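Asks: Questions regarding the structure given below will be posed in turn.
The values are calculated or read from the model by the stated rules, or taken from the named source; none is laboratory data. Owing to the predicted nature of the structure, the values given are computational and were not obtained by experimental measurement. Cβ placement follows ideal geometry from the backbone for every residue including glycine, while neighbour counts extend to all protein chains displayed. These accessible areas exclude ligands, DNA and RNA; they are computed on the full protein's heavy atoms, side chains included. Shrake-Rupley method; radii C 1.70, N 1.55, O 1.52, S 1.80 Å.
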Amino acid sequence: MLARVNTVALDGIAARPVEVEVDICVGMPALNMVGLAEGAVREAKDRVRAAINNSGYRMPSRRITINLAPADLPKGGSSYDLPMALGLLAALEKLPEGCLDNRIFLGELALDGRIKPVPGCLPTALYARKAQMTELIVPFENGPEAALVPNLSVFAPTTLLELTRHLHGETLLQPLPETDWQQWLQEAEKGVRNMRDVKGQEHAKRALEVVAAGGHNLIMTGPPGSGKTFLARCLPSILPPMTLEEALDVTAIHSVAGKLPHGQPLVGTRPFRTPHHTASRVALIGGGSSPRPGEVSLAHRGILFLDEIPEFGRNALEVLREPLESGEVIIARAARTTGFPADFQLIAACNPCPCGNLGNPVTPCTCSPVRIENYRARLSGPLLDRIDLHVDVPPVPPERLISLPNGEPSLTVRARVIQARNIQFKRNGPGLLNAALEGENLERVTQLDDPSRTLMLNAGRKLGFSARTHHRLLKVARTIADLAKSKNIQLTHLAEAIQYRMRGGTE
């Protein structure tokens, strides 16, 4: 007998429909699997056989063929265990006819029949609603994640036997209530660093405000202990809270990567990813035989913070150039091409020299000029060109730290950031920040008067600005003008933008 079960395969962060076909016929006992199944899927036959036997059923000594269609779509992971088991039971006529129709199943099976969590349940739920499926059946631990999607009946059994009883109508499961996403967004605000705790560093705090308002990239240069890392960790507190749409985008990526924290169905705060400087290019950009998101995608809608950026491998850093421009990552393999979103803000920090004491009035630098030059040369010109603001973060003397009052609270700064972003959205279009402006859109909103043109021309000649630097300066100046609620870019706005390119030990 032939049975069919609906499930999905993950292509990037999108769910693609897959039909599991199970045929049982007379012949030499065997279980064959076709349909471009990868290693973890081929191993499923042993897990499925044991789970069925330990759930009170018996596998027949017959010839079994399992086909995963479409055959040209690669299938990886353990989420096909449950659909295969149900297909076998349906082919053995152990399930009511038609009980698998218009339902999507996914889950890994333990040998005793327990249904274990799998990645990618949120993209599956989004697809199930779009495809107008009546039910989505996922593992119990994945239930709250799938229930984020409204207008979809989600069931989360704990065992295969519990699910078969539900399909028989013996002991019906109750659909999960919709997950309260607002609660998770509110919970996410707790424990974030606050700008009021930063004493001094007014220039760097101003730069962070500009970065947050316009979606720009930033590199901070200063000796160890000057506060670069603390400043970077304060940035999420002045960024606008995520909308539900943004939170679902971020959660989908973390779900596919298997990075959702246990018991947390929604990523409610903007990601702040801090990979170690030993991270490889695959760890940063993503990849693998079955491509998975890398750090740049896990930082989507948030921040990628590279502390001690010159210590990263040159090859690893160069792969950042394309996603910084396009906001996405395309991973090409011989058999397939996979895309992941990667719209992040790059925040980097570095020392002015290998020993970190260049310019320190107390501790002298011990590095030779050649060593300093080699240290700075680890960051290529094209990469630095894509970083809009270059800021010095000098050390604050202890006597000033004691006497200085606390700074502005993050909520006050965030209010100005939100106001500036609303101005941009009204002018540029919904969701379009100044950092993403290109071509005619950029030219339309960055007209300069004669004194500003002269200043830009002189600065470009003196500092050797590239065309990319010129355009990025205009974007930063436009953001500064928006923070000042100015319709046009004034000379002071452009001057402030230019000085952010003149500072920083990497220049």
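Asks: State all residues of the range 316-362 that are without any contact (Cβ under 8 Å) to a residue 40 or more places away in the chain and either open to solvent by 10 Å² or more (accessible area, probe 1.4 Å) or of a type in the set (Asp, Glu) (or both); if no residue qualifies, say none.
Replies: Of everything in the range 316-362, those that are without any contact (Cβ under 8 Å) to a residue 40 or more places away in the chain and either open to solvent by 10 Å² or more (accessible area, probe 1.4 Å) or of a type in the set (Asp, Glu) (or both) turn out to be Val319, Glu322, Ser326, Glu328, Ile330, Ala332, Ala334, Thr337, Pro354, Cys355, Pro361, Val362.
Asks: Can you name every residue in the range 26-46 that is of a type in the set (Val, Ile, Thr) and touching a Gly at 6+ places or on another chain (Cβ under 9 Å)?
Replies: Initial filter on the range 26-46 (of a type in the set (Val, Ile, Thr)): 26, 34, 41.
Val41, the sole residue that qualifies.
Asks: Sticking with this one: Please report, ordered by residue number, the helices (runs of 4 or more DSSP H) entirely within the range 178-267 with at least 2 residues that are among the basic types (Lys, Arg).
Replies: 202-214, 228-238
Asks: Let me ask something else. Using the structure shown, decide if Ala37 is open to solvent by less than 30 Å² (accessible area, probe 1.4 Å), over 17 Å from Lys116 (Cβ atoms) and modelled with pLDDT under 85.
Replies: Here the answer is yes, as Ala37 does meet what is asked.
Asks: Would you check if there is a residue in the range 405-422 being over 25 Å from Ser237 (Cβ atoms), touching a residue at least 12 places away in the same chain (Cβ under 8 Å) and either outside any helix (DSSP H, G or I) or basic (Lys, Arg) (or both)? Outline the logic, then answer.
Replies: Let us first name the residues in the range 405-422 that are over 25 Å from Ser237 (Cβ atoms), namely none.
The answer is no, given that none of the residues of the range 405-422 is over 25 Å from Ser237 (Cβ atoms), touching a residue at least 12 places away in the same chain (Cβ under 8 Å) and either outside any helix (DSSP H, G or I) or basic (Lys, Arg) (or both).
Asks: Okay, moving on. With the requirement that a residue be hydrophobic (A, V, I, L, M, F, W, C), open to solvent by 20 Å² or more (accessible area, probe 1.4 Å) and under 24 Å from Phe425 (Cβ atoms), what does the range 457-495 give you?
Replies: Leu483, Ala484 - these are the residues of the range 457-495 that are hydrophobic (A, V, I, L, M, F, W, C), open to solvent by 20 Å² or more (accessible area, probe 1.4 Å) and under 24 Å from Phe425 (Cβ atoms).
Asks: Looking at (1) without any contact (Cβ under 8 Å) to a residue 40 or more places away in the chain; (2) open to solvent by less than 50 Å² (accessible area, probe 1.4 Å); (3) within 19 Å of Leu317 (Cα to Cα), can you tell me which one Asn374 breaks?
Replies: Only one criterion is unmet by Asn374, namely (2).
Asks: Here's another thing I want to ask about it. Assess whether Ile498 counts as being of a type in the set (A, V, I, L, M), closer than 18 Å to Ile219 by Cβ and surrounded by 15 or more Cβ atoms within 10 Å (Cβ to Cβ).
Replies: yes
Asks: Glu108 fails exactly one of the following numbered conditions: (1) out of contact with any helix residue (DSSP H, G or I) (no Cβ under 8 Å at 6 or more places or on another chain); (2) more than 25 Å from Cys25 (Cα to Cα). What is the number of that condition?
Replies: Result: Glu108 fails condition (1) only.
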